[in-house]
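Trainee: Let me begin by handing over the structure; questions about it come next.
The values are calculated or read from the model by the stated rules, or taken from the named source; none is laboratory data. Since we're looking at a predicted model, the values are computed, not measured. All Cβ positions, even for glycine, are placed from backbone atoms using ideal geometry, and neighbour counts span all protein chains on display.
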Ligand SMILES: NC(=O)c1ccc[n+]([C@@H]2O[C@H](COP(=O)([O-])OP(=O)(O)OC[C@H]3O[C@@H](n4cnc5c(N)ncnc54)[C@H](O)[C@@H]3O)[C@@H](O)[C@H]2O)c1
């Protein structure tokens, strides 16, 4: 029996990277999963998996995902993970470029968690609200100008702390996960922009960065973040709330 046996979970940003690995691990642990993404992965199929194609910035799409959880009879876990990256110098930014990031990374997370919290409160059994932040929200990024992204991720951590206070009376916990360098499309896209700024080859730039800035000297795998999410979603984490968990190979310990 898995550690998430018969729990019902929603995971956003499930089509790729950290979200997809989390869906796979949750299914392996016995959960029933509603996987939500604007671009779904047709190849990932399972008896306990329902895909919902949608955008976290659209309330009606989120409601569609929640209605699938209702069909399973309950909602225990919500992982608000969908996010977009943005490397842009502050002086070149605009209201529009900030809104693209804030809309998905903060407002999308807020809308997802709000709909999930309403269902959990109705269910009366408590629940787990989880969100993917980033170490970019905890410190400045030397090589990657990304003020809107960093701001959105710091706000997600603040949101989870505030939610932990507000929802404790309903036995709903709220925690953030702050990954460092995880091997996904999003990370590689950012790396390509950064290395190009310095006229460097992306892979060389990455090896050098990992050697000097990450004590474990490598990228993290999406499955390693999924492992942390599995713990936080499980009964083992029943006394954990209002926290941010760094998972960064030691990058912020330097
Ligand atoms: N990869 C890293 O190094 C890293 C580090 C820190 C934080 N993060 C965060 O982890 C989360 C997952 O990123 P990833 O690295 O797995 O990236 P990814 O690009 O591999 O996956 C992100 C997924 O989110 C989906 N998505 C994006 N915008 C959406 C929207 N508006 N509605 C619905 N789905 C949407 C995409 O379609 C994609 O499938 C993000 O919030 C990201 O900011 C990633």
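Trainee: Check residue 160 against each of (1) touching a residue at least 60 places away in the same chain (Cβ under 8 Å); (2) outside any helix (DSSP H, G or I); (3) surrounded by 17 or more Cβ atoms within 10 Å (Cβ to Cβ) and name the one condition it does not meet.
Mentor: The one condition residue 160 does not meet is (2).
Trainee: From the list 65, 82, 69, pick out the single residue that is in a helix (DSSP H, G or I), in contact with a strand residue (DSSP E or B) (Cβ under 8 Å, 6 or more places away or on another chain) and within 15 Å of the ligand (Cβ to nearest atom). Walk me through how you get there before you give the answer.
Mentor: Values: 82 fails: in a helix (DSSP H, G or I); 69 fails: within 15 Å of the ligand (Cβ to nearest atom).
The conditions single out 65.
Trainee: Still on this structure: Is it true that some residue in region 92-103 is outside any helix (DSSP H, G or I), out of contact with any helix residue (DSSP H, G or I) (no Cβ under 9 Å at 6 or more places or on another chain), at pLDDT 95 or above and more than 15 Å from the ligand (Cβ to nearest atom)?
Mentor: From region 92-103, those outside any helix (DSSP H, G or I) are 93-94; that's our starting set.
Subsequent filtering for residues that are out of contact with any helix residue (DSSP H, G or I) (no Cβ under 9 Å at 6 or more places or on another chain) retains 94.
From what's left, at pLDDT 95 or above: 94.
With the extra rule that they be more than 15 Å from the ligand (Cβ to nearest atom), the set shrinks to 94.
Scanning region 92-103 turns up at least one residue that is outside any helix (DSSP H, G or I), out of contact with any helix residue (DSSP H, G or I) (no Cβ under 9 Å at 6 or more places or on another chain), at pLDDT 95 or above and more than 15 Å from the ligand (Cβ to nearest atom).
Trainee: Which residue out of 230, 241 is under 24 Å from residue 130 (Cβ atoms), in contact with a helix residue (DSSP H, G or I) (Cβ under 7 Å, 6 or more places away or on another chain) and not in a helix (DSSP H, G or I)?
Mentor: On the way: 230 fails: not in a helix (DSSP H, G or I).
Of the residues listed, the single one that is under 24 Å from residue 130 (Cβ atoms), in contact with a helix residue (DSSP H, G or I) (Cβ under 7 Å, 6 or more places away or on another chain) and not in a helix (DSSP H, G or I) is 241.
Trainee: Same structure again: Looking at region 133-141, can you tell me whether even one residue there is at pLDDT 95 or above, crowded, with 18+ Cβ neighbours inside 10 Å, closer than 20 Å to residue 7 by Cβ and in contact with a helix residue (DSSP H, G or I) (Cβ under 6 Å, 6 or more places away or on another chain)?
Mentor: No, that holds for no residue.
Trainee: Take residue 125 and decide whether it is over 21 Å from the mean Cα position of the chain (by Cα), touching a residue at least 24 places away in the same chain (Cβ under 8 Å) and outside any helix (DSSP H, G or I).
Mentor: In short, yes.
Trainee: Continuing with the same structure: List, please: which pairs have Cβ atoms under 6 Å, are six or more places apart or on different chains, and start with a residue in region 10-31 that is farther than 17 Å from residue 66 by Cβ and end with one that is assigned to a helix (DSSP H, G or I) and near the ligand (Cβ under 9 Å from one of its atoms)?
Mentor: Correct list of pairs: 16/185; 17/222; 18/222; 18/225; 21/222.
Trainee: Just the residues that are touching a residue at least 60 places away in the same chain (Cβ under 8 Å) and either away from the ligand (no atom under 13 Å from the Cβ) or more than 17 Å from the chain's Cα centre (by Cα) (or both), please, taken from region 164-188.
Mentor: 164, 165, 168, 173, 174, 175, listed by residue number.
Trainee: On to the next question. State all residues of region 17-42 that are surrounded by fewer than 16 Cβ atoms within 10 Å (Cβ to Cβ) and at pLDDT 95 or above; if no residue qualifies, say none.
Mentor: 28, 30, 39
Trainee: Among the residues that make up region 49-62, is at least one of them away from the ligand (no atom under 14 Å from the Cβ) and closer than 18 Å to residue 148 by Cβ?
Mentor: Within region 49-62 (the criterion being away from the ligand (no atom under 14 Å from the Cβ) and closer than 18 Å to residue 148 by Cβ), the answer is no, since none of the residues qualifies.
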